[in-house]
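The values are calculated or read from the model by the stated rules, or taken from the named source; none is laboratory data. Quantities reported herein were computed from a predicted structural model and do not represent experimental measurements. Virtual Cβ from ideal backbone geometry, glycine too; neighbours counted across all protein chains shown. Heavy atoms of the whole protein, side chains included, go into the accessibility calculation; ligands, DNA and RNA do not. Shrake-Rupley method; radii C 1.70, N 1.55, O 1.52, S 1.80 Å.
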Amino acid sequence: MNPSVPDRLRVLLEGRGLTWPAPIEHSETLGSTSDRLKDLARAGAPGWTVVLAEQQTAGRGRQGRSWLSPRGNVFLSVLLRPALPAHYLTLVPLAAGVAVCEALGEAGLEARLKWPNDLLVRGRKLAGVLAEASSGSGGLEAVVLGVGVNVGLDPRDLPLEIRESTTSISAETRREADTVAVAAAVLARLTLWYHALDREGPDRVLGEWRTRSVPWWGRTVEVLSGDRILRGVALGLDERGALLLEREDGVTVAVLSGEARELRLKGTGSGGTDL
Ligand code: BTN
């Protein structure tokens, strides 16, 4: 009999020197791995509990978007019960982005991070991270980190409006990739970066994030944050991971969450990005 997905995952993690400290649950089909994990969290699941699914019927992305979730890709959520200093928490999603970026490196891909944690290859989205915090009477109780990686997805099967802006590991490498091996790489790297943040503080995560980010700095970007649109020159990140934008009036603002895109301004020489 073939080993189960959780057993295979545990073996791959052991091979990396990591004994996974919590339950790993796998399903053929779920609405959303993050929704399932939130239920488990409410029922008292320990930190580092993982939920994986072969496909999702109601996969969720950032900013209220849906996440297309057909079979052959990675859909996983991992529960963090952070004992981190509160002011490090906003860096957890960025650390997760760095971890996924490294995992894609193992698959032979040089992905770039688009603030806050979109993973792009040749400017096309290959993976994303959704971090959701839940609090109770005692303050922050859990962070559910959801990671979606396009592994076997064929962009030609996608609706026209996202075909050109989406890619996958197999579309980029022209090789099949093993979803369980990709999940193991993500989880192993995630534990490393989470502990780096805990032990060493924000600087290492921020430095690594910046090294792997799209080369936006000094260029004009637009951020949709809630119902506001902010526009300015991207200067960098502050110590919380907020995006620093210098507005046209010279004022620098820090944006903690949102959806960013580079504006390709005509005639300014700032267009033609090489994401
Ligand atoms: C994004 O918009 O970039 C984030 C996408 C996150 C998708 C993953 S797939 C596993 C987990 N379950 C969900 O419903 N969403 C996340």
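Here are the numbers for the structure shown:
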{"quantity": "Which of Asp249, Asp178, Asp203 is most accessible, then next, and so on - probe 1.4 Å", "calculated": "Asp203, Asp249, Asp178"}
{"quantity": "Global form of the range 1-86, assessed from the alpha-carbon gyration tensor, a/c cut-off 1.5", "calculated": "oblate"}
{"quantity": "Mean separation of Cα contacts under 8 Å (6+ apart) over length of the chain, as relative contact order %", "calculated": "16"}
{"quantity": "Among Ser69, Pro3, Ala196 - extreme Cα towards positive end, dipole of the chain, charges at beta-carbon", "calculated": "Ser69"}
{"quantity": "Debye, to nearest 20: dipole size of the range 132-192, +1 on Lys, Arg Cβ, -1 on Asp, Glu Cβ", "calculated": "200"}
{"quantity": "With DNA, RNA and ligands ignored, accessible area of Lys38 (1.4 Å probe; Å², nearest 10)", "calculated": "60"}
{"quantity": "Taking the range 105-247 and dividing mean pair separation by its residue count, relative contact order in percent (alpha carbons under 8 Å, at least six apart)", "calculated": "17"}
{"quantity": "Rounded Å value of the spacing that divides the Cα centres of the range 108-149 and the range 77-93", "calculated": "12"}
{"quantity": "Solvent-accessible surface ranking, highest first, for Thr19, Thr90, Thr167 at 1.4 angstrom", "calculated": "Thr19, Thr90, Thr167"}
{"quantity": "Relative contact order [Cα under 8 Å, 6+ residues apart], the range 1-146, whole percent", "calculated": "19"}
{"quantity": "Three-way shape call for the range 136-275 based on the alpha-carbon gyration tensor, with the a/c threshold at 1.5", "calculated": "oblate"}
{"quantity": "The chain - accessible surface per residue (Å², probe 1.4 Å)", "calculated": "48"}
{"quantity": "Inter-part distance where the range 190-250 and the range 1-37 are each reduced to a Cα centre, Å", "calculated": "31"}
{"quantity": "Carbon and sulfur %, accessible surface of the chain computed with the full protein complex present, 1.4 Å", "calculated": "50"}
{"quantity": "Helix-only CD estimate at 222 nm, as mean residue ellipticity for the chain, using -39500 (n - 2.57) per DSSP H run (n ≥ 4)", "calculated": "-8500 deg cm²/dmol"}
